[in-house]
Amino acid sequence: MIDIQSIREDFPILAHTVYGKPLIYFDNAATTQKPRAVVEKITDGYYHVNANVHRGVHFLSQAATEAHEKARQVVQQFLNAASPNEIIFTRGTTEAINLIASSFTEACMEEGDEVILSAMEHHSNIVPWQLQATRRGIVLKVVPVNGKGELCMDTYRSLFSERTKLVSLTHVSNVLGSINPVKEIIREAHAHDVPVLLDGAQSVPHIKVDMQALDVDFYVFSGHKIYGPTGIGVLYGKEKWLDKLPPYQGGGEMIASVSFEKTVFNELPYKFEAGTPDYIGSTVLAEALHYVGKIGLDAIAAYEKELLQYATRQLKTIDGTRIFGEAAEKSSVLSFLIGTIHPYDMGMLLDRLGIAVRTGHHCAQPLMNALGIEGTVRASFSFYNTKEEIDAFIAGVRQVKEMF
Ligand code: PLP
């Protein structure tokens, strides 16, 4: 059960007004707001345990190292990964995908080898592969999306060839909300001996994920989308894969020894963490995961589903509404257009009513091309949103519609 009153009190920003109206924050797919415990953990870290990690013999450095490595274990438990060695801290989803795109293609792909992506990917899971296509001649194969916003699974199965080396797909679409059938995706790929990377940016805040149950090879997410700080994210990788891959960046932390003749790389997970890590960010991320864990992802998923269904029903009562993404399994993202109203106009006018939604292509231009549109209005809900806020949002959309 969600205790909405007490949850909202945890998020001071939700009590703000904008243009004299109560803030209604429906841009959670872009980034989430932070509970008090998370913000306080940042101050606490800098006030009480700040020292560079891993290198110091002094008290503070050891305390900071302990906190940073404890945070790795918290992430490990959150994902149910087999070992903390499988948890690499990155700057976010984007950096984690770039790391794999760079290191995996270097170690495991040759010119003409193929990676399978989908038409609903965020640019973060397209452009890193395109860079490798230019640099190394790898080939991108794309799974199309059907009219409901679901992956065309028959086409997916038909895309495998003896040149397929990796599948890299989003777990949940940031535009359509579609929750992709990742178990089936992984089973199929593994039947061809092909590993799978899942972009979990839009899944971890909303649904429970379990690395060992999924048997996924790589999984990535961003702290700021799960009530944590900006600038930190996670790459999960099976140890057997991470062991095979070369480092992504060079510098301190990722080495065992350096001479001008030869550098020996550090062991996992440090091999992939060049330079001073964001040791405050990691502990704050762990705090955010504790917070989410306390509410419980089952309760979060059930409550957000209710919000999504309520908002969808209400929005459909407005003439001229087109909803993009009606997959059978869907997370709390609602992309839409009303008649010929431009999404920017809708977004700007809703903003004047205190309602924050996102407008545009949502970093998914290939998907927009496939849908034959320039962009959408996107309302994305969190467990701190309410049906009353949705009522105000629907009234706002009606008001904007009447103005056109
Ligand atoms: N992948 C998906 C599905 C996303 O929604 C986003 C952000 O919106 C990203 C990747 C990129 O995340 P970040 O900018 O935190 O690296």
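The values are calculated or read from the model by the stated rules, or taken from the named source; none is laboratory data. None of the values given here were measured: they were computed from a predicted structure. So basically every Cβ, Gly included, is an ideal-geometry build from the backbone, and we count neighbours across all protein chains shown. What goes into the accessible areas is simple: the full protein's heavy atoms, side chains included, and nothing from ligands, DNA or RNA. Shrake-Rupley method; radii C 1.70, N 1.55, O 1.52, S 1.80 Å.
Accessible surface calculations at 1.4 Å, restricted to protein heavy atoms, place the range 123-267 at 41 Å² per residue. Rg and Dmax of the range 1-151, based on Cα coordinates, read 21.4, 60 Å. Extent along the principal axes, Cα only, for the range 334-404: 34, 31, 16 Å, with the longest axis given first.
Per residue, the convex hull spanned by the alpha carbons of the range 39-294 comes to 123 Å³.
Among the listed pairs LYS34/LYS401; LYS183/LYS271; LYS34/LYS387, those with a Cα-Cα distance over 25 Å are LYS34/LYS401; LYS183/LYS271.
With contributions of -39500 (n - 2.57) from each DSSP H run of at least four residues, the per-residue ellipticity at 222 nm computed over the chain stands at -12500 deg cm²/dmol. Modelled label positions at ALA370 and THR155, each set 7 Å beyond Cα in the direction of Cβ, lie 0.6 nm from each other.
For the range 105-173, the average shadow cast by the Cα convex hull is 4.6 nm², which is a quarter of the hull's surface. Each peptide among 53-66, 114-127, 218-231, 167-180 gets the average number of other Cβ atoms lying within 10 Å of its residues, and from highest to lowest they stand as 167-180, 218-231, 114-127, 53-66. Placing a label point 7 Å from the Cα of ILE318 along the Cα-to-Cβ direction, the residues of the range 327-354 with a backbone N closer than 16 Å are 333-354. Ligands, DNA and RNA left out, the 1.4 Å accessible surface of the range 254-404 is 51% carbon and sulfur atoms. If the viscosity is 1.567 mPa s and the temperature 4 °C, what Stokes-Einstein diffusion coefficient in µm²/s follows for the range 268-314 when Rh is the Kirkwood radius over Cα pairs? Translational diffusion coefficient: 95 µm²/s.
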